[in-house]
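This report refers to the structure that appears directly beneath it.
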Amino acid sequence: MNNALEILKSCDAFLEGHFLLSSGRHSSAYCQMAFLQQHPEKCALVMENVAEQLKDLDVDVIVGPAMGGIVYAYELGRQMGKRAIFTERVDNVMTLKRFAIHPGEKCLIAEDVVTTGISSLETKRVIEEAGGECLGIVCVVDRTKADAPSPIPILASAVKLDLPNYLPEECPICKEGKLPLVHLGSRKMKEQAKQTL
């Protein structure tokens, strides 16, 4: 088994500071997974660990939400010999613009980082509307908390990180006022999503 966290650190994919996560929460650490994607051999090594955990699972399709999940869905599909597709936003709504999921196909959602699992609900909806079955999530980094589990089961991850994250109004880094808040993610925050945190 490889040490996924050491690989992330080796390519500067693990950062420390004051970050706005795509969930709307704040954190002192951030996984900039695009930096891992620059190194296909390291990405493949990290995903070997995930593929090994799934070797006995009956799955048909790996679905990666754009942008973060595309590369990981592809690499996992390659290693497992499964079809890999991605969902994407059209008018800010997650859709299957380019691909099809056939009724009854068993699907895994491949994500880069999961903090709350809320983002994956959109992809689960797309899978189910197409007649597929969502088995769960696989990810490179699982940042979920025991007291706030993902609404979709996480079946495998390369690394589990117990890193604190905070509601904006409870963030001690904000209260300290020394580090600016940095948003490195690509997902547009919707007001209604922020209100559900």
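If you go through region 123-143 and keep only what is out of contact with any Lys or Arg (no Cβ under 9 Å at 6 or more places or on another chain) and part of a loop (DSSP other than H, G, I, E, B), you end up with Ala130, Gly131.
Residues that are in contact with a helix residue (DSSP H, G or I) (Cβ under 9 Å, 6 or more places away or on another chain) and over 12 Å from Thr116 (Cα atoms) within region 142-163 comprise Leu155, Ala156, Ser157, Ala158, Val159, Leu161, listed in sequence order.
Within region 28-52, the set of residues being in contact (Cβ under 8 Å) with a residue 40 or more places away in the chain, within 17 Å of the chain's Cα centre (by Cα) and surrounded by fewer than 20 Cβ atoms within 10 Å (Cβ to Cβ) comprises Ala29, Gln32, Glu48, Asn49. Quick check on region 158-175. Is at least one of its residues at pLDDT 90 or above, in a strand (DSSP E or B), under 23 Å from Leu5 (Cβ atoms) and open to solvent by less than 30 Å² (accessible area, probe 1.4 Å)? Yes: one or more hits.
Here is a check on your reading of the model: is Val93 of a type in the set (Val, Ile, Thr), surrounded by 14 or more Cβ atoms within 10 Å (Cβ to Cβ) and at pLDDT below 95? No: the conditions fail for Val93. Do we have Arg98 as without any contact (Cβ under 8 Å) to a residue 40 or more places away in the chain, more than 19 Å from Ile137 (Cβ to Cβ) and open to solvent by 50 Å² or more (accessible area, probe 1.4 Å) here? So Arg98 passes the test. Of the residues examined, Asp60 is not one that is closer than 24 Å to Ala34 by Cβ and open to solvent by 20 Å² or more (accessible area, probe 1.4 Å).
Those residues that are farther than 22 Å from Cys43 by Cα and either of a type in the set (Ser, Thr, Tyr) or open to solvent by 60 Å² or more (accessible area, probe 1.4 Å) (or both), I need them from region 140-157; list them, please.
Hits for region 140-157 are Ala146, Asp147, Pro149, Ser150, Pro151, Pro153.
Taking the conditions exactly as written (out of contact with any helix residue (DSSP H, G or I) (no Cβ under 8 Å at 6 or more places or on another chain), at negative phi, modelled with pLDDT of 95 or more and crowded, with 21+ Cβ neighbours inside 10 Å), does Gly77 satisfy them or not? Spelling it out, Gly77 is indeed out of contact with any helix residue (DSSP H, G or I) (no Cβ under 8 Å at 6 or more places or on another chain), at negative phi, modelled with pLDDT of 95 or more and crowded, with 21+ Cβ neighbours inside 10 Å. There is at least one residue in region 130-139 that is surrounded by fewer than 22 Cβ atoms within 10 Å (Cβ to Cβ) and within 23 Å of Leu8 (Cβ to Cβ).
The values are calculated or read from the model by the stated rules, or taken from the named source; none is laboratory data. Worth saying up front: this structure is predicted, and the values here are computed from it rather than measured. Every residue, glycine among them, receives a Cβ derived from its backbone with ideal geometry; neighbour counts consider all protein chains shown. Only protein heavy atoms, including side chains, enter the accessible area calculation; ligands, DNA and RNA are left aside. Shrake-Rupley method; radii C 1.70, N 1.55, O 1.52, S 1.80 Å.
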